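Quick notes on the structure that follows.
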Amino acid sequence: MEAGAIYDVLLRLLGGLPLTLQLVTLSLLFGLLLAIGVAFLRLSHHPLLSGLAWSYVFVFRGTPLLVQIFLIYYGLGQFELVRDSFLWPFLREAYWCAVLALGLNTAAYTGEIIRGGIQSVPFGQVEAAKALGMPRMTIYRRIIAPVAMRQALPAYGNEIILMVKASSLASTITLLEVTGVARRIISQTFQVFEVFIIAGAIYLLVNFLITRIVKSVEWRLTPHLRRAG
């Protein structure tokens, strides 16, 4: 492929990058809000609530994301109840189906990450706070949440990277994000190797920037790393 053709392909692929970033951002926000609820349900002592959360995590972590996307995009429209509901204007759009599938999937993983972060908080710190008479919400806000966030951040950074890569599956339901644009270019030029190399480089650059951001946040939230630096 000539330099001019490479430049043209790069520009076309970068045109799909905003859609990729939108899908990832909205999915992560939706997934994070849902994951907080899932994590607390998993920690609940009520067997029904914890069982429901466990079942949700088991299903969405145990089935392929591509299958989940297809079930939401192609499957939900087969139910008249869904078509007659207020959700149909959203669920008939590939964009929102992709956001929903990605968000539900990442919520299952993120919920477990948050649960692990909460459970990693030293029991002695919580007992000391109770001994000082701190209310339950204050303990969560000043003790549990900061420690859990620091503990969960590296794993959540990995989940963000996985979501960037998983967003490429949105191309299977007609969305023209980076991979979708790459597939269209390939159908026109038949230059599979060259186009996917450029697309892969774009994903690699995005994930590199994410790792640097996560590492910077981790450094700011972890005092002993700052002292070592």
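Descriptive notes on the structure:
- Restricting the range 114-131 to residues that are touching a residue at least 24 places away in the same chain (Cβ under 8 Å) and out of contact with any Leu (no Cβ under 9 Å at 6 or more places or on another chain), the residue that is surrounded by the fewest Cβ atoms within 10 Å (Cβ to Cβ): Pro122
- Within this structure, Ala98 passes the test of being in a helix (DSSP H, G or I), under 22 Å from the mean Cα position of the chain (by Cα), closer than 26 Å to Ser171 by Cβ and touching a residue at least 12 places away in the same chain (Cβ under 8 Å).
- Of the candidates Thr138, Thr172, the single residue that is among the hydroxyl-bearing types (Ser, Thr, Tyr) and in contact with a helix residue (DSSP H, G or I) (Cβ under 7 Å, 6 or more places away or on another chain) is Thr172.
- Any helices (runs of 4 or more DSSP H) falling wholly within the range 132-210 and containing at least 2 residues that are in contact (Cβ under 8 Å) with a residue 24 or more places away in the chain: 145-166, 178-189
- Residues being surrounded by fewer than 18 Cβ atoms within 10 Å (Cβ to Cβ), among the polar types (S, T, N, Q) and within 23 Å of the chain's Cα centre (by Cα) - total across the range 136-159: 1
- Some residue of the range 49-59 being open to solvent by less than 70 Å² (accessible area, probe 1.4 Å), of a type outside the set (Phe, Trp, Tyr) and not in a helix (DSSP H, G or I): no
- Residue in the range 33-42 that is part of a loop (DSSP other than H, G, I, E, B) and surrounded by fewer than 19 Cβ atoms within 10 Å (Cβ to Cβ) present: no
The values are calculated or read from the model by the stated rules, or taken from the named source; none is laboratory data. Nothing here was measured: the structure is a model prediction, and the numbers come from that model. Ideal geometry is used to build each Cβ from the backbone, glycine not excepted, and the neighbour counts take in all protein chains shown. Heads up: the accessible areas ignore ligands, DNA and RNA and are worked out on the full protein's heavy atoms, side chains in. Shrake-Rupley method; radii C 1.70, N 1.55, O 1.52, S 1.80 Å.
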